[in-house]
Amino acid sequence: MDEKISRCGDLDERLAPYVDGEASPDARRAVDAHLSACPPCRERYEAERTAREILHGSRDQLRPAAPGALRARCAASCRPVVVRRPGGLRRWVPLSLAASLLLAVAGVFLFSAADHVQAFADGLALDHVKCFKVGETHAAVDASTWSTRWEQRQGWPLAVPASAPAKNLRLLTVRRCLSTDGWSAHLMYVWNGDPLSVYVLPRVVSADRLLDALGHQAVIWSANGRTYAVLAEGHPAGLDQMVNYVKANAK
């Protein structure tokens, strides 16, 4: 019988098989019991489940661009290893589904320069979905405060577009997130009741592009040595007006 999960750290090696539907009945019962009593781990599970859905829904899109060497790297990264911990040995799964997908998307860029911008956009779309699943929001903090906090903590200035009630735009929070091209500022909003992301990277990644990224519309542009991206699910009407608002206020 699978042991009861008494600490959140004990969930690490069990989560990927659980999300993939490969866990034994006893293991599933142990995970179910822990998730029902631990909201943070339940949010983590939701993020992994979302990543799995994106991965499976986009496998036909990603598979043709992934060469054999990339597949070998992903397979090796997902192979369980044994690590020593106080009290004995345990098995450990080194990469979650979300991390594996990010590796795959990043690998497309590493092996095929032609897919660089598409891989970048796909990585942002995955991050967008995950952050809105599990990210904390701080609606009481205004845009100028976030700008100050960002520069103090990250070392480079960031102009955060403020909430705009007339445009049905509300700022939620600003996070530091990883993309295929390095760390970026992730500005999270609600626009017309739906999630909207603005990403800012302190480097040039691409000229102006409009892309479909894993079911999201991504508008990408570069200015003043930075790259900006606006992401929204589907193809919402009026997104061009929101892009213009960001361009005018996120310099």
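How would you order 24-34, 170-180 from highest to lowest mean count of nearby Cβ atoms within 10 Å?
The densest-packed peptide leads the list: 170-180, 24-34.
Kindly report the accessible area of region 189-251 per residue (heavy atoms of protein chains, probe 1.4 Å, no ligands, DNA or RNA), in Å².
Per-residue accessible area for region 189-251 comes out at 44 Å².
Highest first, please rank the peptides 14-22, 223-231 by the mean number of other Cβ atoms sitting within 10 Å of their residues.
Details: 14-22: 16.8, 223-231: 19.1.
The most tightly packed comes first, giving 223-231, 14-22.
Give the lysines whose C-alpha is closer than 28 Å to that of K247, dropping any in the same chain fewer than 8 places away, or say none.
K130, K133, K167
State the Cα centre-to-centre distance between region 223-238 and region 177-195 in whole Å.
Each part's Cα centre sits 10 Å from the other's.
The values are calculated or read from the model by the stated rules, or taken from the named source; none is laboratory data. All values derive from a computational prediction rather than experimental measurement. We place every Cβ from the backbone using ideal geometry, glycine too, and count neighbours over all the protein chains shown. SASA here: full protein model, heavy atoms, side chains in, ligands and nucleic acids out. Shrake-Rupley method; radii C 1.70, N 1.55, O 1.52, S 1.80 Å.
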